[in-house]
1. So, counting K/R as plus one and D/E as minus one, what does the shell of residues with Cβ under 14 Å around A60 add up to?
2. Please name which of G44, A34, V65 has its Cα lying farthest along the dipole of the stretch 1-80 towards the positive end, using unit charges on Cβ (Lys, Arg +1; Asp, Glu -1) and the Cα centre as origin.
3. Dipole size in debye (nearest 20) for the chain around its Cα centre, Lys and Arg Cβ +1, Asp and Glu Cβ -1?
4. What span do the alpha-carbon atoms of the stretch 1-48 cover on each of the three principal axes, reported in whole Å from largest to smallest?
5. Expressed in nm², what is the orientationally averaged projection area of the convex hull enclosing the Cα positions of the stretch 4-106?
6. Could you rank the peptides 76-87, 61-72 by their average count of other C-beta atoms within 10 Å per residue, with the highest value first?
7. Students often forget the sequence filter, so: which lysines lie under 24 Å Cα-Cα from K48 once same-chain residues fewer than 8 apart are removed?
Amino acid sequence: MMKTDTAVKILSVLAHEGRLALLQTLVQAGEQGASVSSLAETTGQNLKTVSAQLQGMADAGLVHVRRAGKQMIYAARYETLGALFGFIMHDCCGGHQDLLATVRRACTC
């Protein structure tokens with residue numbers, strides 16, 4: 001189970017429109033990830049800003065990076081996202097099956 005201080009750190013990183021857009025884009029990209037330039041173009045953000053934001057996201061464990069030639073490719077860390085969701089949803093819904101069904105519908109990919 002994720003610790004509270006870890007969840008707070010991750011949520012504070014995500015409490016920014018630009019970083020949230022980057023994470024959503026990376027989640028949609030899947031395991032292959034995306035280059036910094038591609039992320040900047042897709043999200044309409046400045047290249048240097050995207051690089052700085054991705055570094056903060058990597059420090060929080062939200063993304064990982066690999067080199068492909070001259071490009072840095074970032075991808076979402078799904079295990080971190082899963083742990084965050086698990087932390088938030090721990091003991092969900094007070095046993096109310098209708099609420100649990102609503103949450104499950106919202107979480108389908």
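Every read-out reported here was derived from the displayed coordinates using simple, explicitly stated rules and does not represent laboratory data. Since this is a predicted model, take the numbers as computed values, not measurements. Cβ sites come from the backbone with ideal geometry, for glycine too, and all protein chains shown count toward neighbours.
1. Local net charge: +1.
2. V65
3. Value, rounded to 20: 320 debye.
4. 34, 22, 14
5. Projected area, direction-averaged: 7.2 nm².
6. Ranking, from highest mean packing down: 76-87, 61-72.
7. Candidates past the 8-residue exclusion: K9, K70.
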